[in-house]
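The values are calculated or read from the model by the stated rules, or taken from the named source; none is laboratory data. All values derive from a computational prediction rather than experimental measurement. Glycine gets a Cβ as well: all are built from the backbone with ideal geometry, and neighbour counts include every protein chain shown. Accessible surface is based on the protein model in full, side chains and every heavy atom, while ligands, DNA and RNA are left aside. Shrake-Rupley method; radii C 1.70, N 1.55, O 1.52, S 1.80 Å.
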Amino acid sequence: MSRLEIIQQSCDLCGLCVEECPFDALAIVEGWLRVGEGCVLCGVCVEKCPADALCIVEEREREERDLGSFSGVWVLAEQSAGRIHPVTFQLLGKGRELADRRGTCLCAVLVGDDLGAAAKALCCFPVEKIFVAQHPSLARFRSGTYAAALAELIERERPEIVLCGATSMGRAFLPRVAALVKTGLTADCTGLEIADEEGLLLQTRPAFGGNIMATIVCPRHRPQMATVRPNVLPTLEPGRLRDVEMVRFTPSGGAIESAVEVLEVCEKQTDAVNIAEADVVVSGGRGVSSAQGFGLIRELAQELGGAVGASRAAVDAGWIPYPHQVGQTGKTLQPKLYVACGISGAVQHLVGMQSAGKIIAINQDPEAPIFRVADVGLVGDLHVIVPRWIERIRRRRAADGPNNSAGASAPPPGHGEGRS
Amino acid sequence: MKIAVCVKQVPDTTRVEVDPETKTLVREGVESVLNPLDTFAVEEALRIRQGLGGTVTAITLGPPQAERMLRQVLAFGVDEGVLVSGREFAGSDTWSTSYALARAVETLGGFDLILCGKQAVDGDTGHVGPELSVHLGLPQATYVRRMREIEPDHAVVERLTDAGYEVLRVPLPAVMTVVKDLNEPRLPNLEDLFRGRFAPLKRLGRQEIAADPAQIGLDGSPTRVVEIFSPSVERAGRIYEEDLGAGIAQAVRLLEEEGLL
Ligand SMILES: Cc1cc2nc3c(=O)[nH]c(=O)nc-3n(C[C@H](O)[C@H](O)[C@H](O)COP(=O)(O)OP(=O)(O)OC[C@H]3O[C@@H](n4cnc5c(N)ncnc54)[C@H](O)[C@@H]3O)c2cc1C
């Protein structure tokens, strides 16, 4: 049995580990550091101990898989009705980098039915191979059939790394795949790096509600699997259409049976849902003060041709519905420009928008943490600043003349003609 | 209907903070609580029991201290609490946690419906529900936001997706994970609180659930945490306080540079 061991002669009883332990499992008792029942071997104390007085001793009688026999980096290309999910192009960029680092190939994997168009679209990306798991029973996403098909393909082809978007689809079926092939899965990664010669994948992700970041590895099982948050990695632009090897795969009978039936799919694409793909997002937080207050946020968003986001505080207050929420428990965005109005900048919010190209923050509290991530910070009442800013934008547009307003949507009705 | 709810004891993450000076976790006075997202699973189980009759069992894998959280759950009116515990389970990642829960479910004779919260707010993975369903060989529905229909042999549920929702017909027994839109959890009354405090708990160890020692705890976990650090994001931006006019001008200039004007 693995356990946490204390090297008592190194321990100088500084107590840091006792404070840091997320499970209150460490205590100093009569001049000795003791491990209590609550220890879950999370390793926080080992990491934090300045005297290196703690270590986790593992027992290794596990069966070791032949790790060297796994090769190739796979990206699951999520598609729906032939449209490839944008996170795929972000994963392909990172996948290429990891594959090059490992000196191995990058493969895209499609699961579904009628995949011709999607497969062709993938040929514009630097992949060596495309696996096409196609069957009429895979036409609609069902976690059972998709997981069984992918698990079967993994067992056959033995990739060393499998990446998938942390979407409602990826998060529902990748854990099934991990359980089926018995390997580790790291959820919602924001960073991926190869550590060493053995090709250990360092998977970094937020935990404890975004309050800490953790790096996770999967040392003795393959493939190393991770779901990755949409919009944290840069997007790979398509290149020229190339000839790519296609490997067709028909899942076995057992894999395509599922007792679950999809009766109906309802996808209402409101602007809210689109915030994840918008170039400009203007968000409001508690500082907006009311549902009506969001009118101003909407006006600014419209002026910039963008979508409206919100902090959890604004969503919880009922001023705007949940699909607009940005952050740890909402959406992750990577717009060219993010504007935060009356948002304090809690880590849980930052997780969702910190990889934006540029960030402008408006807040009346000069100490608000949002200013630490801002490119331009404006200290003051948003109800004063936002209208002034809109005014300046309109004046600027008017000065440029009506033909020169490319890039933004039409000004809102009633404010159309430049009146200056 | 025999219903199980898998619940987890988590640190109160709303109060976990990073000290800006030392860049370490400030945990003073942070308590362990029932994973908030599990309350919706507990509530739904109780509502189903109300409609169809049967029992609700809450199962947790955790240290002995998780008993307090389990009693909190019993106070909602859950029939039975089961604490799967033992030093061998320490270090479990989602794979070995779901394996141990599956063994516990089987030891308890199986259930018609097993409900889990969407994810636990400490690890935030959402893996345990789907992995549990694989270990049990049962169908799953994740992110359930509405139960349209529930009968002894099947359920029709709405599953939240990124772009809306889908309606699934799921035969029972099955594993489902639920989101907070599903219901409004009740508050326990005094009588329930009293009952919860003294209700008997079942404790199961590794041997009782016949778990393979190589599949549980750190030994059975494919993943390892190798580093923990506080998130740091800083930009060398400029903050305008007195000179707001200049700041707004700068904001307009930035729009121009980004091609937004
Ligand atoms: C597990 C977990 C998950 C979470 N997930 C998310 C998530 O996904 N997304 C998210 O956003 N949060 C999330 N949170 C909540 C997060 O911790 C914060 O509570 C939340 O982001 C705060 O929202 P806010 O900035 O709007 O409100 P506050 O923190 O209250 O800040 C309001 C700000 O507005 C400023 N202000 C007030 N009036 C004005 C005015 N007139 N003009 C200018 N400025 C003004 C104030 O100075 C203040 O800085 C999560 C928390 C936990 C524990």
Open item on the list: Residues that are assigned to a helix (DSSP H, G or I), within 8 Å of the ligand (Cβ to nearest atom) and open to solvent by less than 20 Å² (accessible area, probe 1.4 Å): does the range A:271-286 have at least one?
Closed with: no
Task: Subset of the range A:289-322 that is closer than 25 Å to A:ARG397 by Cβ, assigned to a helix (DSSP H, G or I) and not small (Gly, Ala, Ser) - its residue that is farthest from the ligand (Cβ to nearest atom) - done: A:GLN302
- [ ] Please verify whether the range A:212-227 includes one or more residues that are surrounded by fewer than 24 Cβ atoms within 10 Å (Cβ to Cβ) and in a helix (DSSP H, G or I).
- [x] no
- [ ] State all residues of the range B:213-244 that are more than 7 Å from every other protein chain (Cβ to nearest Cβ) and in contact with a Phe, Trp or Tyr (Cβ under 8 Å, 6 or more places away or on another chain); if no residue qualifies, say none.
- [x] B:GLN215, B:ILE216, B:GLY220, B:SER221
Task: Test result for B:SER221, among the hydroxyl-bearing types (Ser, Thr, Tyr) and in contact with a Lys or Arg (Cβ under 6 Å, 6 or more places away or on another chain) - done: no
Task: Residues located in the range A:36-47, provided they are open to solvent by less than 40 Å² (accessible area, probe 1.4 Å) and more than 7 Å from chain B (Cβ to nearest Cβ) - done: A:GLY36, A:CYS45
- [ ] Output the residues belonging to the range A:377-408 that are in a helix (DSSP H, G or I), modelled with pLDDT under 85 and open to solvent by 70 Å² or more (accessible area, probe 1.4 Å).
- [x] A:ALA399, A:PRO402, A:ASN403, A:ASN404
Task: Unmet criterion (only one of (1) at pLDDT below 85; (2) surrounded by 15 or more Cβ atoms within 10 Å (Cβ to Cβ); (3) part of a loop (DSSP other than H, G, I, E, B)) for B:ASP192 - done: (3)
Task: So A:PRO234, is it part of a strand (DSSP E or B) and within 19 Å of the chain's Cα centre (by Cα) - done: no
Open item on the list: I'd like to check something: does the range B:165-188 contain any residue that is more than 7 Å from every other protein chain (Cβ to nearest Cβ), loosely packed, with under 14 Cβ neighbours inside 10 Å and not aliphatic (A, V, I, L, M)?
Closed with: yes
Task: Condition broken by A:ASP12, with the remaining ones in (1) within 12 Å of chain B (Cβ to nearest Cβ); (2) surrounded by fewer than 18 Cβ atoms within 10 Å (Cβ to Cβ) satisfied - done: (1)
Open item on the list: Among the residues of the range A:163-186, are any out of contact with any helix residue (DSSP H, G or I) (no Cβ under 9 Å at 6 or more places or on another chain) and closer than 13 Å to B:HIS127 by Cβ?
Closed with: yes
Open item on the list: Condition (residue is more than 7 Å from chain A (Cβ to nearest Cβ), open to solvent by 10 Å² or more (accessible area, probe 1.4 Å) and in contact (Cβ under 8 Å) with a residue 60 or more places away in the chain) applied to the range B:245-261: is it met by at least one residue?
Closed with: no
TODO: Kindly indicate the residue of the range A:323-363 that is within 12 Å of the ligand (Cβ to nearest atom), small (Gly, Ala, Ser) and open to solvent by 10 Å² or more (accessible area, probe 1.4 Å) and also farthest from the chain's Cα centre (by Cα) among those meeting that condition.
DONE: A:GLY342
Task: Residue among B:GLY51, B:GLY62, B:GLY86, B:GLY81 that alone is open to solvent by 10 Å² or more (accessible area, probe 1.4 Å), modelled with pLDDT of 90 or more and away from chain A (no Cβ under 14 Å) - done: B:GLY51
